[in-house]
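Enquirer: Submitted below is the structure of interest, expressed as structure tokens.
The values are calculated or read from the model by the stated rules, or taken from the named source; none is laboratory data. Predicted, not measured: the structure shown is a model, and the values here were computed from it. No Cβ is skipped: glycine too gets one built from the backbone with ideal geometry, and neighbour counts run over all protein chains shown. Please note that ligands, DNA and RNA were not included when accessible areas were found on the heavy atoms of the full protein model with its side chains. Shrake-Rupley method; radii C 1.70, N 1.55, O 1.52, S 1.80 Å.
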Amino acid sequence: MNPAAIAFLTCLFVFSAQGLPANRSNKCKCLDGYIEHIRPQSIKAVRAVHLPNIFCPHTEIIITTTANKDKCVDPKSKLGKLILNNMNKQKKNGAVSTTTASSSTRLYTTSRL
């Protein structure tokens, strides 16, 4: 095999390996379902809000409880809508941290509810 072909294949391999972010899996995070009820005092923080993307077609809200357990909140519930509304308000004010893994994957995180 000639050196130019080896260099081309090496570059192709490196660039294709960068297509899938290391911190994202190719499935939804909230496969076990959503919590039904939670007391507001039990919420420690909103860990992440994953918007629909190529890996998961659902909006996922993950909170951390005071027992340091991650739980999924239904985005259609009252609490889920409240979290999304607060995220949108903070986004308008520039207070939301946005991390982009690719042009079609977005992750919004907030520190408190």
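Enquirer: Lys and Arg at +1, Asp and Glu at -1: add these up for the other residues within a Cβ distance under 9 Å of residue 62 and post the number. If you can, show how the numbers build up before the last one.
Expert: Working: positive: 29, 47, 71; negative: 60, 70.
Around residue 62, the surrounding residues sum to +1.
Enquirer: If you don't mind, another one. Taking H placed 1.01 Å from N in the peptide plane, check which residues at least 5 places from residue 45 or on another chain put their amide H under 5 Å from its amide H.
Expert: Hits under the 5 Å cutoff: 64.
Enquirer: Here's another thing I want to ask about it. So, taking all protein chains as they sit and a 1.4 Å probe, how much accessible area belongs to residue 30, in Å² rounded to tens?
Expert: Rounded to the nearest 10, that gives 20 Å².
Enquirer: For residue 66 paired with residue 85, estimate the spin-label separation in nm (one decimal), with each label point 7 Å from Cα along the Cα-to-Cβ line.
Expert: 2.4 nm
Enquirer: Count charges around residue 73 for me, please; just the other residues with Cβ under 11 Å from its Cβ, Lys/Arg as +1, Asp/Glu as -1. If you can, show how the numbers build up before the last one.
Expert: Details: positive: 47, 71, 76, 78, 81; negative: 36, 60, 70, 74.
Charge balance in the 11 Å sphere: +1.
Enquirer: Ok, one more. Rolling a 1.4 angstrom probe over the protein chains, ignoring ligands and nucleic acids, what is the accessible area of residue 6 in square angstrom, nearest 10?
Expert: 80 Å²
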